[in-house]
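Below is one structure, written out as structure tokens; comments come after it.
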Amino acid sequence: MNAPALDPQHRAGPSGGVPNDDGMARVESKPAGSDPAGARWADCVGPVPAASARDEVLVGVLPGEGIGPEIVDCSLAVARAAAGRKGITLRLEFGDDIGRRAEARCGLSLPGEVVGFCAGIFARGGAILSGAGGGRYVYDLRSRFDLFCKLSPVIVPPELAGAGRLRPGHAAGVDVLVVREGASGLYQGQWETLRDAGGRRVASHSFSYSEAHVRRVVSAAARIAARRRRGLAVIYKESGAPSISELWRDCGLEIAAEHGVACSFLDID
């Protein structure tokens, strides 16, 4: 489930892998005993709806396609159980098709009615629980609602220690939070296909990061790091994207210092 400032796609697991498919992420870990269960990070990203009526929580549900409906059903079962223990009522509202299924019907993976549905849920202080959606669904959703910050906790519960790809001994105690920028960069770039003089296709794709976009997500990561172990690592690829890496590095150093957290760098290959 996600507030409007957060990315609706969640990906974490016992493998301890760090998603970096657009080349930029933040990683920060914590010692045992800090960042207690139930701690909230959303207010580190942006304004959080007032909790004046938290005896009822509004959730907009987009079951999605493929494995989406099955995962959403399981998620709702867990949410209902947790809400019942806390004395909270879940108010569920269901939206229309997304992804390839929506494309087959109307030509868009993010149809206008789904945009309106999400906007209505967000306007009432609710959250969106979204299943998988193909095509440009995720990227268009991020762009439409400026879902710039994706939080992916990477932990290994003891009950799942043997479920990952790593040997349990190597994964024990892993507790990392990946903070990823999602509203600019590679997946929000510009692309086109041209023809050269011989009639052969030439595909091009360009993208950029503005300092404003980098600073807001690094600031969120630094605020979260200040609540945890006070460590922030900026991930980039200096040799492959030198100017972009320099921007992330400079912002990381400055913002980490402002929040009193240590800043390190991971140059991926």
Looking at region 221-269, which of its residues are assigned to a helix (DSSP H, G or I) and over 21 Å from residue 210 (Cα atoms)? 224, 225, 226, 227
When region 164-191 is checked residue by residue, the ones that are at positive phi and surrounded by 17 or more Cβ atoms within 10 Å (Cβ to Cβ) are 185
Answer yes if at least one residue in region 154-163 is buried (at least 19 other Cβ atoms within 10 Å of the Cβ) and under 15 Å from the mean Cα position of the chain (by Cα), and no otherwise. yes
Output yes when any residue across region 80-93 is more than 23 Å from residue 180 (Cα to Cα), touching a helix residue (DSSP H, G or I) at 6+ places or on another chain (Cβ under 9 Å) and modelled with pLDDT of 95 or more, and no when none is. yes
In region 90-111, how many residues are among the β-branched types (Val, Ile, Thr) and surrounded by fewer than 12 Cβ atoms within 10 Å (Cβ to Cβ)? 0
If you check every pair at least six apart or on different chains, which have Cβ atoms under 8 Å apart with a residue in region 74-97 that is touching a residue at least 60 places away in the same chain (Cβ under 8 Å) and aliphatic (A, V, I, L, M) first and a residue that is in a strand (DSSP E or B) and surrounded by 14 or more Cβ atoms within 10 Å (Cβ to Cβ) second? 79/59; 79/90; 79/129
Quick one: count up the residues across region 137-151 that are among the aromatic types (Phe, Trp, Tyr) and in a loop (DSSP other than H, G, I, E, B). 1
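The values are calculated or read from the model by the stated rules, or taken from the named source; none is laboratory data. Since we're looking at a predicted model, the values are computed, not measured. With ideal geometry, Cβ positions are generated from the backbone for all residues, glycine too; neighbour counts draw on all protein chains shown.
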